[in-house]
Amino acid sequence: MRTLLNILVKELLQLARDPRILPILFVAPVVQLTILGYAATTDLRRVELAVCDLDRTALSRDLVRRFTDSSYFRQVAALDDQRAIDRWLDSGRARIALTIPAGFADSREAGATAEVQLVADGSDAMSGTLGLSYAYGVIQEMAETEALRSPVELRPKVLYNPDLVSRNFMVPGVLAMILMIMTMMLSSMALVRETELGTMEQLLVTPLKPGAIIVGKLVPYALVGTVEIATALPVVLFWFDVPLRGSLAALALLTVPFMLCTLGLGLLVSTLTRTQQQAMMIATFVFMLPQIYLSGFVFPIQNMPKVFQVVTYAVPLRYYVQVLRGVFLKGVGLDVLWPQGLAMLALGIAILTLARIRFRQRIG
C-alpha cells in the first residue's frame, strides 16, 4: 500500500508540474459546458424566410405578417419573381420560401380555398421538417382566429432532399469532421514529435528556412487528407447512397482552403505544446470540439446566442459543411460557394501566418 501511495503521489505531483495540462483539465470542461449549453438545442427559431408576394393585397400582407410576427420565422427577402427563390435557397441565405400567388385575396373573398406554396431547403432535414411544421402551425392559428373566412391551403415542396432523409445531410458533415480530425491531429504532433525524439536541434541546423520546414511538415499530411477524401467518397456515394449533384472538381478545389485551416491549426497547436499528449488534448478540447458545436453540423446556428453566432464566422468547419452539402445535395458550384471558399482561404492564411510566427519564436 505504501508503494501504491507513493506512485499516486508521484503522478499527482508530475501532473501539477505541467502548467499546460492543468488549464485543459479544469478550465476546458467549463468552457465546453458553456458552449454546449448554449449551442446544443434542436429547437428551431428565426428560420430565414424569403417571401414572394405576387398578390400584393391587404390579405396577402396579413398572411406574411403572421409568419414574421411569430418567433419561428425571420424574413430575409421580399421577392418579385419566383425564379429568384432558387438563388436564395441555393446560397443558404433562406431556408424557407413562401409564395403567395396572384388572386389569393380574390379566392378568400369569394369563399374558395386559397392556396399558398412553401418551398423548404431539404439539405438540412431538421430545418426543413421543423420549418414546414411551424408553417402549418401558423396557418392553423390563422384558421382558428378567422373562422368565418375561407381556408388557406399550404402546398409544401422540399428541394434537394425531397424525402428529408437525415443520412443525406449528416454524412457529408461527418466526412468534413473526419477530415478535420485527422489532418489537425496529425499536424498537431508534427513538431512536438521532433522535440520528444530529440531531433529538433538537428532539423534547425539544416540550411532550410522556417517556412520550408513548415511546408515539409504539412505537405505529407495534406496528401494524407487527400487520400482520405478519395477513399471516403465511394463509401458516401455507393454505400450510403448520398447523391452527388455537383462537380467533383469544385469539391476538390474548395477542400484545399479547408485543409489549409486544419493543418494550420494543427501546426499552431504544435508550437504551443511540448509533448504529444498536450498536443492531442489541446487540439481536441480547444479547437476540434468547439468547431463541431459551432459549425451548424449538429445544432442550428440561428438558434445560438448572438455572440456565438458571431464566433461561428471564425470556424472553418462551418464553411466546409456548407460546401459539402451544397455540392452533394444542391448541385451548386463555385458561382454560389465562392464566399465560403474565400472565407476559408482568409482563415487559412491567417492561421498559418500565426503558426509561422509562433514557430519562429519557439526556435528563436
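Quick notes
- Pairwise inverse Cα distances across the range 47-159, averaged and inverted, put the Kirkwood hydrodynamic radius at 14.0 Å.
- The gain in end-to-end length when the R65 to K209 segment is fully stretched comes to 45.6 nm, 0.36 nm per residue minus the alpha carbon separation.
- With the Kirkwood sum run over all distinct C-alpha pairs, the range 247-348 has a hydrodynamic radius of 14.4 Å.
- Normalised by the number of residues in the range 86-126, the average gap of Cα pairs under 8 Å and 6 or more apart makes the relative contact order 40 percent.
- Enclosed volume per residue, in Å³, of the convex hull spanned by Cα atoms of the range 247-300: 89
- Amide H contacts of V158 (H built 1.01 Å from N, under 5 Å, at least 5 apart or other chain): A120
- Peptide ranges 319-329, 297-307 listed from the most packed, as the mean C-beta count within 10 angstrom indicates: 319-329, 297-307
- Amide proton proximity set for C52, modelled H, under 5 Å, gap of 5+: L79, L98, T99, I100
- Potential lengthening of the chain between V165 and V298 amounts to 46.4 nm, from the contour at 0.36 nm per residue minus the alpha-carbon distance.
- With R₀ fixed at 51 Å, the C-beta to C-beta distance from M182 to L5 puts the FRET efficiency at about 0.80.
- Positive-end residue, the range 280-364 charge dipole about Cα centroid, Cβ charges, pick of V298, T312, G331: T312
- Packing order of peptides 151-164, 168-181, highest average first: 168-181, 151-164 (average count of other Cβ atoms within 10 Å over each peptide's residues).
- Modelled label positions at E141 and T113, each set 7 Å beyond Cα in the direction of Cβ, lie 2.4 nm from each other.
- Debye-sum result for the range 165-363 in log10 I(q)/I(0), which assumes one identical scatterer on each alpha carbon, at q = 0.17, 0.18 Å⁻¹: -1.11, -1.21
- Each residue of the range 76-85 was assigned a 3J(HN,Hα) from its phi angle through the Karplus expression (A = 6.51, B = -1.76, C = 1.60, θ = phi - 60°), giving 10, 7, 10, 9, 9, 9, 4, 5, 7, 4 Hz with x at Gly and Pro.
None of the figures in this text is laboratory data; all of them are computed from the coordinates on show. Bear in mind that the values here come from a model prediction, so they are computed numbers and not experimental data. Note that we place each Cβ from the backbone using ideal geometry, even for glycine, and neighbour counts take in every protein chain shown.
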